[in-house]
Each structure stands twice: as structure tokens, then as C-alpha cells.
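Written below as C-alpha cells is the structure these notes are about.
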Amino acid sequence: MSDVGVWFVGARGNIATTAIVGARAIARGETSTTGMVTERPPCDSLELPAVDELTFGGHDIRDRGLREAAAELEANGGVPASETIEAVADDLEEIDDRIASGTALNCGPRVTELADREPLEADHAVGEIVDGLREDYAAFCERQGLDRLIVINVASTEPELADPERYDAREDLERAIDEDDRDLPASSLYAYAALSEGHPYANFTPSPGSSLGGLRELAAEEDVPHMGSDGKTGESLVKAALAPMFAGRNLRVMSWEGHNVLGNTDGRVLEDERNKAGKLASKGGILDGILPDIEHNRVRIDYTPSLGDWKTAWDYVHFEGFLETQMKMQFTWEGSDSALAAPLTLDLARLLAFADREGESGLQSHLASFFKAPERVDEHDLSRQLDMLYEYVEEHADEGAEPVPEPAVDD
Ligand SMILES: NC(=O)c1ccc[n+]([C@@H]2O[C@H](COP(=O)([O-])OP(=O)(O)OC[C@H]3O[C@@H](n4cnc5c(N)ncnc54)[C@H](O)[C@@H]3O)[C@@H](O)[C@H]2O)c1
């Protein structure tokens, strides 16, 4: 496939840093591709851009270097390992020069306090911000000689947007941009700048991103593929796999309590109730989608600084079976937040590049399994969502590619 650029919004954050370190370490033969969905059957039968051919750039509101960001991750949680960071240090320095300043419009005080310099909105109208973002994308493509650019949002979670319906039509959204409507959220400006220039976009966060109706209309009209929202990586992934078991056996789940603690910058931003609201909604929505009769479905997220990038989730499931017998299930999940998320952003970039080359446009529902709240997809059962991906691969795989493996059946 032609040269593909991956543009991270939030490029100096933990997920983007881990994805870049990981991709460059894979390219240099320093680590394996474990954790990447596109590196196992059936997705590996698609003609995707190779990981070692991806060129990285991005926007951020912080100035810290990628090497410093990686070293901080290592110091606070051991991932990535210092030898891996050393092996890609030159690459990180080169990529640092391709990270531009962005906008933090309506990201809330928890996010703006991260900024090392005045964000674009300090002295630019909304239309000028959008033009600036477009110019950044264009300059990156030109300097790196790229044929295709995929924009992935891994910036901090924004507060929920009040009345998103006002941007339901493309016409209304574009008028709002022209009229300097300062209610528009940064994530949607990045998405607008990308989609209006024909760059595919994925929203790995619960922020509005490309979910506004006007942006969906734009993406469909301009034939640009996009998808979101909020990556499904830890506790929510387990829920999407486990809840169908209770449903399938007609076990009535009365209560599901989930308590997450984490110590990274994401956790610090989510301390602000306004930023946390969207995350709680997308996490809670999984169970509501699979277990519509659940009586009590609660998720908590708390910031515990000493945990660094390691997130722990305790889940308590109280359910009822035959003869009204009440039973319980409890589990503990301990994951390296960024090691779980980073490979999925590389998968999304490769699959969106493929969809773009195939001329597909609008929401890419076959990518639902990657997201907690897949846009316009009602299916939350993980294995059915994976079937959607596998069916897509089967439809698109080259002739002669390995067929999707059938599940083993005993005689
Ligand atoms: N780690 C996971 O498993 C996971 C899963 C699903 C979703 N997410 C979401 O992914 C996002 C990134 O997570 P992270 O752990 O890398 O967070 P992080 O705090 O380490 O990184 C976020 C980066 O975005 C930058 N940023 C914030 N607002 C920005 C803006 N408007 N423009 C440009 N840059 C901006 C910050 O400076 C920071 O460098 C968060 O929204 C998080 O909720 C994470």
C-alpha cells in the first residue's frame, strides 16, 4: 500500500507514545506484534500498510518530548522497557519535530492546565483554528511524501457537549465554524479539519469527535471513512465478553458494580466530574445494551496517583438463576492501560487506510469491537462484533488468502 501517515491528536500522551515506541520497535525487530488484532488471522490476510511503513506525526498542547514521555511511562509502570525506548530513541527525536500545537477549545480546566503554551484559540477564531489544523495535516503529508493520512484522536477526554443536536446538519456545523461559535469542542474541530480534507478519522476517546450529525453527513458526502468512540481495552472489554454469557443462559443479572482505579494523566483529567461524565456513559452503555433488564449498573472511576499507568478494576456481579437462587461472581482486572490501548490505535489506522483505499465512506461499523460505544451500532456482544469484523475481512480478503477459521466442532 502507498505511504501512510498516522496523525495522533494527543501525540505526547501515554497511548500515542506507547503506540509510536511500539511501532518503531516492531520496525526494528525489537518486539513482537502481540496485542495487534490486524497481525492475527483473519485480518492478516488483508493487504494492510505494514507497521514499519507507518509515518507518525500529531498535535498536542504539551511540549514534552516523546522520549521523556516514554521514560516517564517506564518509571511509573515499567512499560515500555528502557531498552526498547533506547532502541527507538532516534526515531522519537525525529517524530518530535512533526508534532504541532493544537487547540484545547472547551476541553475544561483539567486539560488546559496541561498546556505548555497558549493554545490556538487564545488568538484565533474557530474558522482560523480549523484552517491551521488543515495546514498542519497538509504540511505533514507534503514533507513526508504521504499518499494517505489517518487521524486518530487519543487526546484527553473532554466534558460532555450540551445540545449536540444543534450541529446535526453539515450546513449548521459549517455555519457555526464560520460564525466563530466558541461552544464547539476541540475534538470535533480536529475531526472536521480531517474529514473535510478527505483524511479518515478514528475517535479513541468518549469526546464528541466525529459523532456530530453534521460530521457524519460530511464524511458520507465526501466519501471518507471514520469511526468511534472510546476504545474498549480493559474492564469494558471483559464486560462485553462476559455479559452475553449471563444473557445466553437466562441468568438474571440484578447488579453489576465496577470500580476502576488508575494513576495516569487520563485518571487525573477524569477526576473532574465534567470530563468523567462521557466516560461513565460509554462504559455503562455496554451492559445496558446486552442486559436490558439489569436493575443496577454502576461504574466508578477514581484517580490513585501511585498506580501510574496500571489500571485495576474490581467487578461484582450479583445474579439469579433457577429456583430464584442468588449467586455472585467477582473478578479483578489489572492492566497496563497504554499497552492495551496502543496496539488498537495501530490496528485502527491500518484498517481505516484499507477502507479508504477501497473507497468506503462514512461510519465503519465493522470496527465496532474496538469501541465501548460504537457509533450507530446496537450490538455490544464482543464475539458478535468480532464476527462483523471477520465477515468484512472475508468479503475483502484477496483471493488465495487463508479462509476465516471455523470454530472446532467435536463429532
Ligand atoms: N488507555 C486506555 O485503555 C484507554 C481506553 C479508552 C479510551 N482512552 C482515552 O484515550 C485518551 C488518551 O489516553 P492517554 O492515557 O494517552 O491520556 P494522556 O493524558 O496520557 O494523553 C492525552 C494527551 O492529549 C493531550 N491533549 C489533551 N487535550 C488536547 C487537545 N485538545 N489537543 C491536542 N492534545 C491534547 C495531552 O497533552 C496529553 O499529552 C483519553 O481520552 C482516554 O480516556 C484510553
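The values are calculated or read from the model by the stated rules, or taken from the named source; none is laboratory data. From a predicted model like this one, the values you see are computed outputs, not experimental measurements. In this analysis, Cβ positions are derived from the backbone assuming ideal geometry, glycine residues included, and neighbour counts consider all displayed protein chains. Keep in mind that these areas ignore ligands, DNA and RNA; they rest on the heavy atoms of the full protein, side chains included. Shrake-Rupley method; radii C 1.70, N 1.55, O 1.52, S 1.80 Å.
In table form, for the structure just shown:
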item: Wholly within the stretch 19-132, helices (runs of 4 or more DSSP H) carrying at least 2 residues that are free of Cβ contacts under 8 Å to residues at least 40 places away in the same chain; result: 66-77, 82-87, 89-96
item: Test: residue in the stretch 137-145 that is in contact with a Ser or Thr (Cβ under 8 Å, 6 or more places away or on another chain) and not acidic (Asp, Glu); result: yes
item: Residue within the stretch 84-99 that is open to solvent by less than 10 Å² (accessible area, probe 1.4 Å), near the ligand (Cβ under 10 Å from one of its atoms) and not acidic (Asp, Glu) present; result: no
item: Boolean, Asp168 is away from the ligand (no atom under 12 Å from the Cβ) and modelled with pLDDT of 95 or more; result: yes
item: Residue count for the stretch 133-175, restricted to those that are part of a strand (DSSP E or B) and more than 18 Å from the chain's Cα centre (by Cα); result: 1
item: Sole residue being within 14 Å of the chain's Cα centre (by Cα), within 16 Å of the ligand (Cβ to nearest atom) and not in a loop (DSSP other than H, G, I, E, B), chosen from Ala373, Ala339; result: Ala339
item: Residues located in the stretch 244-264, provided they are open to solvent by 30 Å² or more (accessible area, probe 1.4 Å) and not in a strand (DSSP E or B); result: Met245, Ala247, Gly248, Arg249, Asn250, Leu251
item: Those residues of the stretch 31-58 which are within 24 Å of Glu68 (Cα to Cα), crowded, with 18+ Cβ neighbours inside 10 Å and more than 18 Å from the chain's Cα centre (by Cα), in sequence order; result: Thr31, Thr55
item: Filter result for the condition that a residue is without any contact (Cβ under 8 Å) to a residue 12 or more places away in the chain, open to solvent by 10 Å² or more (accessible area, probe 1.4 Å) and at positive phi, over Asp180, Asp163; result: Asp163
